[in-house]
1. Would you be so kind as to identify which of V163, F136, S113 lies farthest towards the positive end of the dipole of segment 37-176, taking Lys and Arg as +1 and Asp and Glu as -1 on Cβ and the Cα centre as origin?
2. Students often check this: by mean Cβ neighbours within 10 Å, which of 143-153, 120-130 ranks highest, and how do the rest follow?
3. What nm value, rounded to one decimal, do you get for the distance between E50 and Q137 when each label is placed 7 Å out toward the C-beta?
4. By average Cβ neighbour count within 10 Å, what is the ranking of 105-113, 184-192, 83-91 from highest down?
5. Given labels modelled 7 Å from the Cα in the Cβ direction, how far is it in nm from V64 to E117?
6. Which residues' amide hydrogens lie under 5 Å from the amide hydrogen of G150, considering only partners 5 or more residues apart or on another chain, with H built in the peptide plane?
7. Considering just Cα atoms, how many Å³ per residue does the convex hull of segment 44-192 enclose?
8. What is the sum of charges around E50, taking Lys and Arg as +1, Asp and Glu as -1, for the other residues whose C-beta is under 11 Å from the C-beta of E50?
Amino acid sequence: MSDTPIDSSKRTWIITSACAGAVGGVAAAVPFVSSFQPSERAKAAGAAVEVDISALKPGEKMTVEWRGKPVWILKRTPEQLESLAQTEPQVADPKSDRKAYPIPEYAKNQHRSIKPEVFVGVGICTHLGCSPGDRFQTGPQPSLPDDWHGGFLCACHGSTFDVAGRVFKNKPAPDNLEVPPHMYLSDTRLIIGEDKKA
């Protein structure tokens, strides 16, 4: 033990300085550590999107954004569903067997969807990334065959797709439109980007 008396003011000053230094260190570390967390924008870019389709009528299409891509939700009419059998011999990959990108098992059928009447597909042409336009009217039209049953036309290079997003043969687009992972939360609500069965 030392015989030197302890100066209480020095001790207070040392404790105060140490506490202030610790607080300052934490204050400086918080922004640095939080910079490792993904931004809200980055989180939203990969997040699943919940969609209410209760107002969608047969023959209508809506577009939502998922991961920066346009996703189409088309409620097909009975006539559009019937047309899929007629276009099947004309499309390049009727059952989506090609492995260009992962495709959910529930999209490997004629209608390429969970519910036959609702098509969910990424609205980006598989050729060079243009967005095809709606051509739901049937019959002869400019840039379309005379026996056109309705679907999508990519104006960039002329690729055509039926109402299930299947590409027609001998077109620049090599593959069908992508079907994103999705699932139904109820009859009128679906979530895009999530599939608990996959």
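1. S113
2. Averaged packing, sorted descending, gives the order 120-130, 143-153.
3. The two pseudo-label positions are separated by 3.9 nm.
4. Ranking, from highest mean packing down: 105-113, 83-91, 184-192.
5. 1.9 nm
6. Amide H neighbours of G150, under 5 Å, 5+ apart: G139.
7. Once divided by residue count, the hull of segment 44-192 is 101 Å³.
8. Values: positive: R189; negative: D52, E194.
Computed value for this residue: -1.
Only the coordinates and a few stated rules stand behind these numbers; no lab work does. The structure presented is a predicted model; accordingly, all values stated were derived computationally and were not measured. Quick reminder, even Gly has a Cβ in these numbers, built from the backbone with ideal geometry, and neighbours come from all protein chains shown.
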